[in-house]
Amino acid sequence: MTFLGSEPQLLNEINLHIFRQENTSDLYFSVYVFVGEHIALIDFVKCLQRRGLLDSGDYVVISVDDEIYDPNRRINIIRRDYLDPFLNETWGNGTDLMGFRSVLKLTPSHPRDPNYRYLCEKIKATSIKPPFCVPYHHKIFNSISVPIQAAYLYDAVMIYARALTEVLGNNEDPRNGTAILHRIVNRSYHSIQGYDVFIDGNGDAEGNFTVVALLDDRDVNGSILPMSMQPVGYFQYKPDGNSTPYAVPEFRYLDAQRPIQWVGGNLPRAEPICGFYGEKCIYKPDWRLIAGVSCISTVLLVGLLFAVK
């Protein structure tokens, strides 16, 4: 789904889509995959919540967001401080917050290595020196963030350096790209961001994504619903060195004692019992059973007629 336009237009488009969804008899969607900005996700969840579609746990919203999850914003991740104060309606109370119990956000993982912050500060300090000479202003320089691509570049250099060191250690030709690539694929490396990443046989590194969901939070005070958006799991390939282009990473909980708190206590169905169009509940007569019952009935009827005569 793609919603374009200003804030009122966006809200109207989402409302219209849900209205059509509810009044179309041959659509039974219960899992929404939302690809878009967080500001649009809030409106989408608000519409579902107002219509009571998120109360029973039959619906779930999976949001794909390219914004890196920041654990420091786990409480106000569902509020828009730059917009909500200027709207006539309120947002962020306990009633509205309950709608996010049915939301799972898939976001890039936040760096966990404490040295990553030191690396970012070092990059910023180096950027103002020759030959880079990035313009410096003390009022805005501290608020500038280092792009995540810097971490990717750092990891790439370290991966190559590790492979080259192993090649030289075996007295092989460092110009042999095949030998270097052989020591890169089908193995893991430790990223500067703080987690291990597996590179498959195609040279593709697995993505570092975190699943964020609404969980109980004792640190939340003054709220009707003491909950906040927290990471619950991640995805990881099997580190067996046999990854294929069609391999699917496995979902794993960060803490098995803190699973996803599904509304109603049950996992939402991805498909209705009878299928999306009732095709799994169509009665198909068993002609063998019908033929057998017919034969037995005929024999009994003939026997009954002879008995009466």
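Rule-based calculations on the coordinates, nothing more; no lab input. A quick note: this is a predicted structure, and the numbers were derived from the prediction, not measured. Quick reminder, even Gly has a Cβ in these numbers, built from the backbone with ideal geometry, and neighbours come from all protein chains shown.
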- request: Any chance you could list P(r) for the range 257-303, counting all Cα-Cα pairs in 10 angstrom bins from zero, rounded to whole %?
  value: 19, 21, 19, 16, 13, 9, 3
message: Using the basic label-point model (7 angstrom from Cα toward the beta carbon), what is the GLU166 to ILE273 distance in nanometres?
response: 5.3
For TYR136, net neighbour charge (Lys/Arg +1, Asp/Glu -1) across residues whose Cβ lies under 12 Å away: +3
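Take MET229, MET98, MET158 and order them by how many other Cβ atoms sit within 10 Å, fewest up front. Walk me through the numbers on the way to the answer.
On the way: MET229 23, MET98 17, MET158 14.
Placing the least packed residue first, the sequence is MET158, MET98, MET229.
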query: Taking 0.36 nm per intervening residue step and subtracting the Cα-Cα distance, what contour gain separates SER30 from ILE296 on full extension?
result: 91.0 nm
message: Taking a ≥ b ≥ c as the square roots of the Cα gyration tensor eigenvalues, with a/c under 1.5 meaning rounded and otherwise prolate when a/b beats b/c, else oblate, which class fits the range 142-187?
response: prolate
- line: Protection proxy (average C-beta count within 10 Å per residue), highest first, orders 283-295, 39-51 as 39-51, 283-295
- request: Give me the number: length gained by fully extending ARG50 to ILE123, i.e. 0.36 nm times residue separation minus the C-alpha to C-alpha distance, one decimal in nm.
  value: 21.6 nm
query: Using θ = phi - 60° and the Karplus curve 6.51 cos²θ - 1.76 cosθ + 1.60, what whole-Hz ³J(HN,Hα) does each residue of the range 289-299 get, with Gly and Pro shown as x?
result: 5, 5, 5, x, 5, 5, 5, 5, 5, 5, 4
message: P(r) for the range 110-205, please, calculated from all Cα pair distances in 5 Å bins and given in %.
response: 2, 11, 18, 18, 14, 12, 12, 6, 3, 1, 0
